[in-house]
Structures are given as structure tokens and as C-alpha cells.
Amino acid sequence: MRGLFVTSVMFMAFAICPGVVYAEEQGKGSLDARQDPETGERYDLDGQGALIQRNFGIGLQVGNPSGLSAKYYFDPWNALAVAAGYWSGPRVSYFRLHFDYLFHPGPIAAGQDIYLRLYFGGGLKLASVTQEQPNDNSTTYGSLGVRAPLGLLADFKGAPIDIFAELAPATYILPDFYPDLDFGFGARYYFQ
């Protein structure tokens, strides 16, 4: 059991630490101006030379899990994302919830009304699984896991929405140790 804990901590450290180090380096400059490392040009994301600041957004996600998705930005680069979903099959159903710290480096592409950003991070996933037994009984148990999301985000300059696609390698650590893969596509509306 101790080995599982150590593996989980190392997994989370490798998922989160690069973003924290990058955030520290980027934080030495100003929050309202970024430069393209190749051309030296400033990003002009809102037409005024400043990064678009999002606050709290909520929306829908399709994938694993399918359901609600919410995101809170601490600043233009760091956010907390939460998703919750329910799935039911022939003999099994589950409720899933995950929490992720996400880091968003500068845009990888920008157009007149949209810009694209990669994001990555680490988080936890919780699941409540119910399995039906042949004798009309059911068994319910909880699972805990870690995940490392990597995604692409499309932010729209003139509208408070984003669209995202994400892939997250994951590992359940309790009650059993086994790998998993999460994915999702969705959109969120942001309240200013």
C-alpha cells in the first residue's frame, strides 16, 4: 500500500511541477503583456494588449465522464477544473467526479476572434460504482485515482465561452491499482 502512495505522489509531482515552474518564470513579467518567443511580438488577445481574464465558467462535457464541467481561473494561466458525470450500463452504473489543477501557457495560435491554448495539469478522480448481481442484489464501492490531463482550449475574444478537448491518462489507486484513460469534449459559458 505504501508503494501505491509513493507512486501516486510521484505521478502528481511530475504532472504539476512543470506548470508551477513555468508559472514562476512567466510571473516575473507583467500579467497584461506576453511576447512570442520566436518573433518577440506581443500577444494582443483582447484588442487592448491584455490577456482575456476569465472567472468562473460552467458547461457540458461529452466523454468519460459525460456531464457537467466547471472551471475557475485564479489568473490567466492557472485554473481549477471540476467535472461530474453519471453513466449507466446493463449491469453497472457509476457517478464520477474529478478535480484538476490546470496550467495554461501562452497561446499557440491567435486569430482575429479566437485563440488556441494548450493546457496540462494534475488532479484526483473519485467514482461511486454500483454493480448488479445475478441474485437481484447490488454492490456499491468507491474508487480513488489520479489523473494528468492534457488539452486544447479555444477561447473566443468577443464571447464569454470556450470550447475544449482533453485527454487524461489516469490510474485508480484505491481500492485496486489499475490504469484508466479519461477524455472529453465540451464547452463552458463564463460569468464575468
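Values quoted throughout were computed directly from the atomic coordinates according to the rules given, and no laboratory measurement underlies them. As the structure is a prediction and not an experimental result, all values here were calculated from the model. Here the Cβ is made from the backbone with ideal geometry for all residues, glycine too, and neighbour counts use every protein chain on show.
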For Thr171, Thr130, what's the fewest-to-most ordering of other Cβ within 10 Å of each Cβ?
Thr130, Thr171
Show the residues, 5+ positions off or on another chain, whose built amide H is closer than 5 Å to the amide H of Lys157.
Ile114, Tyr115
Place the peptides 88-100, 143-155 in order of packing, highest mean first, counting for every residue the other Cβ atoms within 10 Å and averaging per peptide.
143-155, 88-100
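When the chain is fully extended, how far beyond the present Cα-Cα distance does Phe177 get from Asp113, taking 0.36 nm per residue of separation? Mind showing how you got there, number by number?
On the way: separation 64, 0.36 × 64 = 23.04 nm, distance 4.45 nm.
Length difference between fully extended and current span is 18.6 nm.
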Which one of Ala110, Ile163, Leu181 is farthest out on the positive end of the charge dipole of segment 85-192, using unit charges on Cβ (Lys, Arg +1; Asp, Glu -1) and the Cα centre as origin?
Ala110
Rg and Dmax of segment 54-179 over Cα atoms: what are they, in angstrom?
17.0, 61
Inter-part gap, Cα centre of segment 63-100 to Cα centre of segment 143-192, in whole angstrom, is 7 Å
Return Ile163, Ile108 ranked ascending by Cβ neighbour count within 10 Å, so the fewest neighbours appear first.
Ile108, Ile163
